[in-house]
Amino acid sequence: MSENNKYEIDISIRTAYLPDQSSEDEERHVFAYTITIENNGSVATQLISRHWIIDNGDGSVQEVRGLGVVGEQPLLRPGDSFEYTSGTVISSCVGSMKGSYQMAAEDGVHFDVSIPEFILSVPRIIH
């Protein structure tokens with residue numbers, strides 16, 4: 001196995017608009033996102049921290065950094081996956097998020113895993 005495949009972490013994302021928690025009049029749009037982190041490499045790896053860049057769609061950008069995700073720093077052995085759901089609030093009907101996870105492999109290597117940009121969009125009903 002090549003050196004690059006030792007640290008192969010795949011990210012998949014699902015989003016959901018939460019209309020019950022949102023308010024168009026208050027420019028408050030609440031979204032849940034579910035992320036699956038899968039270790040397809042050959043070395044056990046722990047998620048240490050996260051860095052998010054949240055584009056509110058109105059020209060403002062918010063950065064969020066912190067340890068772990070949802071209060072956890074999961075250890076992912078080869079073949080393991082970890083799924084969690086969190087949320088964010090944006091002021092416009094359409095925004096986006098992207099970022100990275102900072103990982104520490106059991107062999108001492110530290111590396112970042114990119115979180116691909118995903119769109120947060122209020123669903124529109126077409127009549």
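Hey, does region 49-60 have a residue that's surrounded by fewer than 14 Cβ atoms within 10 Å (Cβ to Cβ), assigned to a strand (DSSP E or B) and touching a residue at least 40 places away in the same chain (Cβ under 8 Å)? No.
Regarding region 69-77, can at least one residue be identified that is crowded, with 16+ Cβ neighbours inside 10 Å and assigned to a strand (DSSP E or B)?
Yes: one or more hits.
Among what's in region 112-126 and is over 18 Å from the mean Cα position of the chain (by Cα) and β-branched (V, I, T), pick the residue that is modelled with the highest pLDDT. Ranking the candidates gives V122 first. The condition of being touching a strand residue (DSSP E or B) at 6+ places or on another chain (Cβ under 6 Å) and among the hydroxyl-bearing types (S, T, Y) holds for only one of S49, S60, that being S49. Scanning region 27-71 for residues that are in contact with a helix residue (DSSP H, G or I) (Cβ under 6 Å, 6 or more places away or on another chain) and among the small types (G, A, S) yields G41, S42. Taking the condition over 24 Å from L18 (Cα atoms) and acidic (D, E), does D58 pass? So D58 fails the test.
The values are calculated or read from the model by the stated rules, or taken from the named source; none is laboratory data. Note that the structure is a prediction, hence the values are computed from the model and not measured. So basically every Cβ, Gly included, is an ideal-geometry build from the backbone, and we count neighbours across all protein chains shown.
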